[in-house]
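Structure record follows, encoded as structure tokens.
The values are calculated or read from the model by the stated rules, or taken from the named source; none is laboratory data. This is a predicted model, so every value here is computed, not measured. We place every Cβ from the backbone using ideal geometry, glycine too, and count neighbours over all the protein chains shown.
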2 protein chains.
Amino acid sequence: MSDSPHSTDGDTSRATLARVAEQAAVSMSTVSKVLNGRPGVAAETRARVETLLSEVGYTRRGAVVPGAPLIEIVFSELDNEWAMELIRGAGATAKLNGMGLIVTQSGTRHAPDPEWIDEVISRQPFGIILVMSDLPPANKDRLRRLQIPFVLVDPSGNPAPDVPSVAAANWDGGLQATNHLIALGHRRIGVIAGPHDVMCARARVSGYRAALESAGLPVDDDLVQPGDFHIEGGLVGGTALLESRDRPTAVFATNDLQAIGVYQAARALNLRVPEDVSIVGFDDLQFSNFSSPPLTTVHNPLYEMAREAARILLDIRAGSPVGTGRRELGTSLVVRESSVGPA
Amino acid sequence: MSDSPHSTDGDTSRATLARVAEQAAVSMSTVSKVLNGRPGVAAETRARVETLLSEVGYTRRGAVVPGAPLIEIVFSELDNEWAMELIRGAGATAKLNGMGLIVTQSGTRHAPDPEWIDEVISRQPFGIILVMSDLPPANKDRLRRLQIPFVLVDPSGNPAPDVPSVAAANWDGGLQATNHLIALGHRRIGVIAGPHDVMCARARVSGYRAALESAGLPVDDDLVQPGDFHIEGGLVGGTALLESRDRPTAVFATNDLQAIGVYQAARALNLRVPEDVSIVGFDDLQFSNFSSPPLTTVHNPLYEMAREAARILLDIRAGSPVGTGRRELGTSLVVRESSVGPA
């Protein structure tokens, strides 16, 4: 909008853009396309123009900085409460700072769709929160040239090393869940792992192993079942554990959906929760409190992670040193009714 | 942004704004404040300037129409899957049309916060989806003067008559749920109503009564318990129903959260679901499939409602006749394991 507080004065802007067009040996219309993230510009040309725009200080006078008063949060999947917690957290910080929140669904756990980068550049947000483990290098380069800050909220726990990221203390959460069951007196404790390529699931299982080892309990590989972070994985793995001759008296499910699957497995085998088997989840999603009995679980600080990510964007825009490090926010055990001492 | 495809040419814009300032007898800075939704302008002045801006056709050349390529969806509560379904639906239609989705939490079930209108006017979205039953008249006037279209997705079912709105066929859903229980052989069927001021809950209970009457069954007021659309209401109302001497063999809970409360009431009274009591919910949220046993419920077409709302915004912008009527999308019964014939 030409009269927004973020816009440039028309004449100065035009002169600056003309200078960039001349130096880049392209037309004004090409410069305009680059500015607005529209297609029809070769990648090298786009990079050259973006670099020049940044160099001539267009960013200080122009539309590029501080960007529209919008933070954009990008998800590969928008289908559960888990995403809602992140939306709430990012939205709260955006609102506190007078900004709106754009919610985008795009791509996979590892990268957004190819066309996303053009859309986001045309929107010129204040900053971007990516709920994925990395961005393609070309996307990073373009965002950096345009000085649009970005941060990863990293659910799978395998963040790119050159981008600031926020994650949960997954290992410690697995440790807490297992220590809780050990403290209740359980000695045979099963675990449902997560998908192979999701590092946070591995971290939770590592925490489980560490707790057993610290307590001097043997780690029996039969007690570690593969999972998929969905109900199905909990049902299959839970059935395998609970049907076995030397069945465990407790199961740590590494996420709440899998815990629901273990409930279903127990129900199908006529085992009572928690009298016959204790179950502990991970995430503390709303439905974990609705199950019968309500689920003991590890609180995943999703709301806080998104707030922290938005705060990092504010820090970058304010010129504060942020670094590219990963930071982890603490998890905490929520004891409800699905865990008691063994019979 | 001065170079966005939606912006105005600097000189023409300035001349137009100067003319508006002169006619309104205000400064250019006041016109600019009005345009950008910034504070410090008296309400009458703001209204006069907005009307003039619209009259001089600023909207055709300027930043106001067609607005930023963003649809804004406004919720009073952003805390459950219910909201997520609406976000997914609106987001899908926005994306299909090359637009982003702004998700805002503001105000109550009946109106957004007072400051919201200034924020949204500064954002100049393509259109607005309000997940509430009405907007204050002054907000409607301002949005209409700025030609920003808006539509209600009306969860509580009591829409303003002068705004297009999209709702679910709640009465029919209540009818279907109860007919299902009658067809299974139940003759004493309890119901947990919803909050007094939420018309959709009343519609669902009316559908329940209509089903009983159609089947020639008496409507016993002892079988109608008040509710709150939360677990607590289902627990309290469910306990009252299931403790009574002549307890019902089935309960229709009017929403899924209350159904979970009835599960808890049954569990506390050592009654089995569905062997001792059948339970039917309403909404078909994800967790209704996670409960033990999975819940029979009425699918609430939230995703489709938000898609329809976004489509109405597109129609209004395209100049298609839309009208201010309410439209209802159909509900459908999803039979799972919580409902069987009476013992």
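Each row is one residue, and each column tells you yes or no for (1) surrounded by 20 or more Cβ atoms within 10 Å (Cβ to Cβ); (2) modelled with pLDDT of 80 or more; (3) closer than 21 Å to A:TRP116 by Cβ.
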position: A:SER2; (1), (2), (3): yes, no, no
position: A:SER7; (1), (2), (3): yes, no, no
position: A:ARG14; (1), (2), (3): no, no, no
position: A:GLU22; (1), (2), (3): no, yes, no
position: A:SER29; (1), (2), (3): no, yes, no
position: A:ARG38; (1), (2), (3): no, no, yes
position: A:ALA42; (1), (2), (3): no, yes, yes
position: A:TYR58; (1), (2), (3): yes, no, no
position: A:ALA63; (1), (2), (3): yes, no, yes
Sole exception among (1) touching an Asp or Glu at 6+ places or on another chain (Cβ under 9 Å); (2) closer than 17 Å to A:SER165 by Cα; (3) modelled with pLDDT under 90 for A:LYS140, by number: (3)
Cross-chain or 6+ apart pairs with Cβ under 7 Å, region B:143-166 first and farther than 17 Å from B:LEU329 by Cβ, then acidic (Asp, Glu): B:ARG145/B:GLU50; B:LEU146/B:GLU50; B:ALA160/B:ASP134
Selected residue (only one of B:ALA177, B:ALA160 is assigned by TED's automatic domain parsing to the domain that holds B:PRO248 and either surrounded by fewer than 22 Cβ atoms within 10 Å (Cβ to Cβ) or closer than 19 Å to B:ARG202 by Cβ (or both)): B:ALA177
Answer from B:LEU302, B:LEU333 - the residue that is closer than 24 Å to A:PHE290 by Cβ and over 18 Å from the mean Cα position of the chain (by Cα): B:LEU333
Output for region B:235-291, where each listed residue is among the small types (Gly, Ala, Ser) and farther than 30 Å from B:LEU302 by Cα: B:ALA240, B:SER244, B:ALA268
Among residues of region B:108-142, those that are of a type in the set (Gly, Ala, Ser) and out of contact with any strand residue (DSSP E or B) (no Cβ under 8 Å at 6 or more places or on another chain), counted: 2
Complete set of residues in region A:180-191 that are surrounded by 20 or more Cβ atoms within 10 Å (Cβ to Cβ) and among the hydrophobic types (A, V, I, L, M, F, W, C): A:LEU181, A:ILE189, A:VAL191
Filter result (within 14 Å of A:THR108 (Cα to Cα) and over 11 Å from the mean Cα position of the chain (by Cα)) within region A:69-92: A:LEU78, A:ASP79
Close pairs (6 angstrom Cβ cut-off, 6 or more residues apart or separate chains): within 8 Å of another protein chain (Cβ to nearest Cβ) in region A:5-26, modelled with pLDDT of 75 or more anywhere: A:LEU17/A:VAL31
Condition met for A:SER338 (within 14 Å of chain B (Cβ to nearest Cβ), surrounded by 24 or more Cβ atoms within 10 Å (Cβ to Cβ) and in a loop (DSSP other than H, G, I, E, B)): yes
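Residues checked against (1) more than 14 Å from chain B (Cβ to nearest Cβ); (2) among the small types (Gly, Ala, Ser):
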{"position": "A:GLY233", "(1), (2)": "no, yes"}
{"position": "A:LEU242", "(1), (2)": "yes, no"}
{"position": "A:ALA250", "(1), (2)": "yes, yes"}
{"position": "A:ILE260", "(1), (2)": "no, no"}
{"position": "A:GLN264", "(1), (2)": "no, no"}
{"position": "A:ARG272", "(1), (2)": "no, no"}
Leading residue by the ranking (surrounded by the most Cβ atoms within 10 Å (Cβ to Cβ)) among those in region A:91-105 that are modelled with pLDDT under 90 and facing another protein chain (nearest Cβ under 8 Å): A:LYS95
Among (1) at pLDDT below 90; (2) more than 10 Å from chain B (Cβ to nearest Cβ); (3) under 27 Å from A:HIS299 (Cα atoms) - the single one A:VAL74 does not satisfy: (1)
Search result, residues across region A:102-116 that are closer than 20 Å to A:GLY89 by Cα and among the hydroxyl-bearing types (Ser, Thr, Tyr): A:THR104, A:SER106
Criterion violated by B:ILE231 - all others in (1) among the β-branched types (Val, Ile, Thr); (2) in contact with a strand residue (DSSP E or B) (Cβ under 8 Å, 6 or more places away or on another chain); (3) under 29 Å from A:GLU81 (Cβ atoms) satisfied: (2)
Test: A:GLY194 is outside any strand (DSSP E or B), surrounded by fewer than 18 Cβ atoms within 10 Å (Cβ to Cβ) and assigned by TED's automatic domain parsing to the domain that holds A:ILE260: no
Qualifying position, being out of contact with any Cys (no Cβ under 7 Å at 6 or more places or on another chain), of a type in the set (Val, Ile, Thr) and over 24 Å from B:LEU175 (Cβ atoms), among B:ILE312, B:ILE279: B:ILE312
Whichever residue in region A:146-167 is more than 16 Å from A:ILE312 (Cβ to Cβ) and under 10 Å from the mean Cα position of the chain (by Cα) and, among such residues, is modelled with the highest pLDDT: A:SER156
So A:SER244, is it among the hydroxyl-bearing types (Ser, Thr, Tyr), more than 24 Å from A:ARG88 (Cβ to Cβ) and touching a His at 6+ places or on another chain (Cβ under 7 Å): no
Residue within region B:267-287 that is of a type in the set (D, E, K, R) and touching a strand residue (DSSP E or B) at 6+ places or on another chain (Cβ under 6 Å) present: yes
Condition met for B:ALA111 (in contact (Cβ under 8 Å) with a residue 12 or more places away in the chain, surrounded by fewer than 21 Cβ atoms within 10 Å (Cβ to Cβ) and either out of contact with any Pro (no Cβ under 9 Å at 6 or more places or on another chain) or not assigned by TED's automatic domain parsing to the domain that holds B:ARG311 (or both)): no
Subset tally (residues that are aliphatic (A, V, I, L, M) and either facing another protein chain (nearest Cβ under 8 Å) or in a loop (DSSP other than H, G, I, E, B) (or both)) for region A:106-120: 1
Every residue from region B:294-307 that is over 12 Å from B:VAL166 (Cβ atoms), surrounded by fewer than 23 Cβ atoms within 10 Å (Cβ to Cβ) and within 14 Å of another protein chain (Cβ to nearest Cβ): B:PRO294
Test for A:LEU53: is it surrounded by 19 or more Cβ atoms within 10 Å (Cβ to Cβ), at pLDDT below 75 and more than 30 Å from B:VAL103 (Cα to Cα): yes
Meets criteria (touching a Pro at 6+ places or on another chain (Cβ under 8 Å) and either more than 13 Å from chain A (Cβ to nearest Cβ) or crowded, with 24+ Cβ neighbours inside 10 Å (or both)) for B:SER291: no
